[in-house]
1. Which of the residues that make up the stretch 1-11 are surrounded by fewer than 16 Cβ atoms within 10 Å (Cβ to Cβ) and of a type outside the set (Ser, Thr, Tyr)?
2. Under 9 Å between Cβ atoms, which residue pairs at least 6 apart in sequence (or on different chains) link something in the stretch 197-208 that is outside the structural domain of Val323 (by TED's automatic domain parsing) and over 13 Å from Ser320 (Cα atoms) with a partner that is part of a strand (DSSP E or B) and acidic (Asp, Glu)?
3. Would the stretch 76-84 turn up any residue that is out of contact with any helix residue (DSSP H, G or I) (no Cβ under 7 Å at 6 or more places or on another chain) and under 20 Å from Thr153 (Cβ atoms)?
4. When only residues in the stretch 375-401 that are closer than 14 Å to Phe426 by Cα and part of a loop (DSSP other than H, G, I, E, B) count, which is modelled with the lowest pLDDT?
5. Does Asn281 fit the bill of being under 35 Å from the mean Cα position of the chain (by Cα), of a type outside the set (Asp, Glu) and at pLDDT 90 or above?
6. Residues that are basic (Lys, Arg) and buried (at least 20 other Cβ atoms within 10 Å of the Cβ): does the stretch 111-120 have at least one?
7. Just checking, how many residues over the stretch 191-222 are within 34 Å of the chain's Cα centre (by Cα), within 18 Å of Phe236 (Cα to Cα) and surrounded by fewer than 18 Cβ atoms within 10 Å (Cβ to Cβ)?
8. Can you tell me which of Gly557, Gly563 is small (Gly, Ala, Ser) and surrounded by fewer than 16 Cβ atoms within 10 Å (Cβ to Cβ)?
Amino acid sequence: MPYKHKSDFEARTDLKKYDEDALMLYAFELGFLDSDDDIHEVAAECRTGGGGDKKCDFIYIDEDAKIALIAQAYLCQSIGKGAKANKASDLNTASAWVFKGDIGKFSKAIAQRVVALREAVASGKISQLYIWYVHNREESADVQAELDTVANTTRSTIKEAYRKEIKVIAEEVGDKKIERLWEQSKQTKIFVSDKIEIPMEADGITMKGAKWTAYQTSISGKQLHELYQQHGDGLFTANVRNYLGSAKRGDPINSKMLESAKDRSGDFWVFNNGITALVHNFEPTEGKLTLTGMSIINGAQTTGTIGSLLTAPDVNLKVSLRVIKCSDEKTVEDIIRYNNRQNATVDSDFRSNEVQQDRLRKAFEADHQDLFYSGGRRDFKKPDDKRILSPDTVAQTLTAFNGNPYDAYNNKRGIWKLNDLYADAFNENLTAEHIIFVYALGEAIDSYKHMLLGKSRLDEEEKQLEFLTKRGSRMLLLSAIAYALEVLINKRIGNKEKLKFKNKKNFEKYIELWTPIVVFAMKIIGTLEPALSSGSYKSREKVDEAHKNFCVMAGMGLSTFPGLLDDFADHVGE
């Protein structure tokens, strides 16, 4: 069958540089990232290839969401052949190494990620672990059987090594799964197209709008359990969030819901807000409601909690159900959006309508139409033809560039929440051009790491990669370059917060302009090492000392090679 996601993936020229990892990153972006997250930043932090990766290409850790992911990528070049099952079994090797292997036998590119994942699991900061085998062919029963073994083995390994029980989900992510993720990202597809008959004890209520018709009734917990067991996340293809699990994002709501489903099933209807679903059609008759197609747009947590019970709930458990049919695409998008307003907020939500964010959004729209900056607003459809500048990454890089890598790394959410940190990053003088200037530096650092991962490395380059895989290294290096910028460009800077590139170019060119600065800075990263500990920064004082030492070494190095960075300097203005 033709898959729509394939043409969309082929159009993603920004991912081509990742070679065999490109499809894995594309699938991950569809499945895990919000619309304004930056996949390139994730790639720089989480890819682990380049030899010595112990069959593991990608390790993602999100302690806020309490989830982690280990992935392996495979691209089949032979037409008509399926994905190799032995590549799936390789994930058993990857899992064993990640959770039990000698850390000294890992490559520098993966060791830091493994340590971070072990620490997160051991401290209870991870409640769900995904294991993905990503490939460009259709899924098969043989491969999934191998992955079921991987999940069971990993679950046992973690329980033995860390005395923790976490949910382990091993999935084959091939054409069908990626297509489903793509359809979900478009928020218009009702994946489950079956006819579903829902018994009714009493007549429901019909409501009509200009472009929609709805029906209100109830569904039994037993039938909801059956639907989830049959279709899983396919029930949520028009939802902005799948089922998060009973411990996702540190939120006890789902676990409390689980308790009431088990212990107070007769009261569940009045405790719970119920479910709203898009359908192709509905037809109420005496004693039943017949649905054609179903996608739950609100109530994924209710459905997932009930559906995940080991046995179906008793007959007393009922859930309020509202179904809506609508053929107008814009109205469908609005229905989905407004039905999900109660989703957990993040700190940037509360700043998204603030005057500085509104001003910056308009500046990007007017003068930088190849780039997109949301300013923290999440109620937009991701533009396919623009480079996304993640608001969180913008806030972090601005904070680091202004001399505070400590909070840029350790206090990411605090930048949006605390007035002093927010004002330092987003003041009335901040321009879109300065954001681009700083953001491109962060991307240049990521590109340099990507280059190191993809080549045979000299001893010096191994040390550089070891530095770049340490948590906090990106923000520390960025801040050090900003601190020493006058020395690097050999000219006086009146106001560092007004720096920009003089001539308008495309974003890739801005990254290229920063590259010589990054290459030079990597020669003297030994001056920054004392500021980093295994998982953060040692202290603000150590950071300040590292900045000063870096600046001194930069001056000494450039005195030997005068004019080395003049081309970059010629492109910088205020």
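1. Hits for the stretch 1-11 are Met1, Pro2, Lys4, Lys6, Glu10, Ala11.
2. Matching pairs, first to second residue: none at all.
3. The first filter runs over the stretch 76-84 and keeps only residues out of contact with any helix residue (DSSP H, G or I) (no Cβ under 7 Å at 6 or more places or on another chain), leaving 76-82, 84.
Of the ones still in play, those that are also under 20 Å from Thr153 (Cβ atoms) are 84.
Yes, because at least one residue in the stretch 76-84 is out of contact with any helix residue (DSSP H, G or I) (no Cβ under 7 Å at 6 or more places or on another chain) and under 20 Å from Thr153 (Cβ atoms).
4. Residues of the stretch 375-401 closer than 14 Å to Phe426 by Cα: 375-376, 391-401.
Narrowing the set further to residues that are part of a loop (DSSP other than H, G, I, E, B) leaves 375-376.
Numbers: Gly375: 88, Gly376: 82.
The residue in question is Gly376.
5. yes
6. Quick first cut of the stretch 111-120, residues basic (Lys, Arg) only: 113, 118.
Retained after the next criterion (residues that are buried (at least 20 other Cβ atoms within 10 Å of the Cβ)): 113.
Yes, the stretch 111-120 has at least one match.
7. Residues meeting the conditions: 2.
8. Working: Gly557 fails: surrounded by fewer than 16 Cβ atoms within 10 Å (Cβ to Cβ).
Answer to the check: Gly563.
The values are calculated or read from the model by the stated rules, or taken from the named source; none is laboratory data. Nothing here was measured: the structure is a model prediction, and the numbers come from that model. Because the Cβ atoms are built from the backbone with ideal geometry, glycine has one as well, and the counts that use them run over all protein chains shown.
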